[in-house]
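Read through the structure below, which is laid out as structure tokens, and then see the notes.
Read-outs: derived from the displayed coordinates by stated rules, not from any lab. Note that the coordinates shown come from a computational prediction; the quantities given were computed from them, not determined experimentally. Here the Cβ positions follow ideal geometry from the backbone for every residue, glycine too, while neighbour counts run over all protein chains shown.
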Amino acid sequence: MVKIITSTQELEEVRLNEKGPVGFVPTMGNLHSGHISLLERALSEFEIVYFSIFVNPKQFGPNEDFNRYPRTLEADVNQIERCAQRFPNSRIMIYAPKSTEEVFPISKGHSVSVLGLSSILEGSIRPGHFDGMATVVLRLFELIKPTRAYFGLKDYQQLAIIKQMVRDLALPIEIIGMPIIRDTEGLALSSRNQYLSPGQKKASLILFESLSELKKIIAGKRKNIPLAQKRISEMLQDKNWNYLELRDAVSLSSSIEESKELTLLAVYQLGATRLLDNMQMEIE
Ligand code: AMP
């Protein structure tokens with residue numbers, strides 16, 4: 001069963017009358033297989049799953065794509081209904097607030113800042129982005145009170161920030177990070193991929209290829225890290241990279257001498273479209 005809830009009052013009423021644990025998948029809609037993989041995992045673990053669809057203005061900068069971000073609610077609901085057919089005993093509650101005021105009744109009420117992690121990498125290029133994201137996620141957590149919430153590794157820094165917020169505020173929520181779903185050529189699925197021209201789509205493949213090459217160079221061995229760093233400097237000659245960095249997979253620090261798990265974090269920009277990707281590896 002799929003139910004659509006468009007007001008926060010209704011959400012609170014419905015939630016109050018439910019017993020038992022619930023799973024939660026927050027999204028901005030315009031769904032693709034990446035989002036659906038999160039939903040499937042949640043449905044395999046919970047009978048009741050909340051799925052939010054909300055393009056959160058607080059996480060867009062003044063010159064970003066908030067107005068043109070694809071809003072495709074009808075098609076999204078169809079995809080969710082198709083997925084629901086595979087889980088006949090489940091209940092999916094789609095929370096698709098009809099206005100921003102439903103989510104943020106007091107527009108200047110508060111802001112959540114996970115200090116440190118929010119100002120590096122993506123945060124240094126998009127100031128305020130992660131505060132807007134953490135603010136909406138905490139608000140949704142408060143309304144839905146999920147047992148577990150599912151996020152894609154696609155937005156690796158976002159996931160690290162959410163985990164930190166949950167630890168810092170001792171929220172009783174388990175955060176699950178889910179693998180990146182890619183197209184057949186390796187490009188990570190993203191709602192923003194549709195902005196790419198055919199030429200840009202071809203050029204975008206360098207992103208996954210570069211990450212894969214670097215992981216292969218490191219091959220799980222600390223002694224190979226300098227070789228990878230050298231290769232990164234060569235790659236960065238291409239000015240389309242916003243950044244391409246090797247970091248500690250947990251702290252996102254660039255001091256990686258002791259790190260047991262590393263992550264490559266990258267943004268490759270084609271025209272106005274910034275493509276995010278990342279890849280993790282364990283080090284012996
Ligand atoms: P968004 O709607 O872009 O805010 O994404 C909602 C959730 O889906 C986030 O947790 C994303 O990390 C996740 N997600 C987006 N793209 C992918 C993908 N290609 N594979 C796995 N998860 C994804």
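Structure summary
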read-out: Inverse mean reciprocal Cα-Cα distance (Kirkwood Rh) of segment 73-144, Å; value: 14.8 Å
read-out: Protection-proxy order for peptides 213-226, 254-267, each taking the mean of Cβ atoms within 10 Å per residue, highest first; value: 254-267, 213-226
read-out: Kirkwood-based shape ratio for segment 43-106, expressed as Rg/Rh from alpha carbons; value: 1.06
read-out: FRET efficiency, LYS230 to LYS201 (Cβ-Cβ, R0 25 Å, nearest 0.05); value: 0.25
read-out: Likely footprinting exposure, ARG274, ARG82, ARG182, ARG247, fewest C-beta neighbours within 10 Å first; value: ARG82, ARG182, ARG274, ARG247
read-out: The chain, dipole about Cα centre (Lys/Arg Cβ +1, Asp/Glu Cβ -1), debye to the nearest 20; value: 340 debye
read-out: Theoretical ellipticity at 222 nm over the chain - DSSP helices of four or more residues, -39500 (n - 2.57) apiece, nearest 500; value: -11000 deg cm²/dmol
read-out: Alpha-carbon centroids, segment 58-89 and segment 148-214: separation in whole Å; value: 16 Å
read-out: Two-decimal Rg/Rh across segment 146-264, once Rg and the Kirkwood Rh are taken from alpha-carbon atoms; value: 1.00
read-out: Computed log₁₀ I(q)/I(0) - Debye formula, equal Cα scatterers, no solvent, segment 179-231, q 0.13, 0.16, 0.18, 0.28 Å⁻¹; value: -0.42, -0.58, -0.68, -1.04
read-out: Projected label distance in nm at SER253 and ARG82, using a 7 Å step from Cα toward the beta-carbon; value: 4.6 nm
read-out: Within segment 83-131: Cβ-based charge dipole about Cα centre, in debye rounded to nearest 20 (Lys, Arg +1; Asp, Glu -1); value: 220 debye
read-out: Antiparallel bridges, percent of DSSP beta bridges restricted to the chain (to nearest 5); value: 45 percent
read-out: Against the rule of thumb 2.2 N^0.38 Å, how large the Cα Rg of the chain comes out; value: 1.03
read-out: Ratio of Rg to Rh over segment 1-65 (Cα coordinates, Kirkwood Rh, two decimals); value: 1.02
read-out: As computed over segment 18-165, the Cα convex hull volume per residue (Å³); value: 115 Å³
read-out: Dipole of the chain, positive end: most advanced residue of ILE144, ILE5, GLY132 [Cβ charges, Cα centre]; value: GLY132
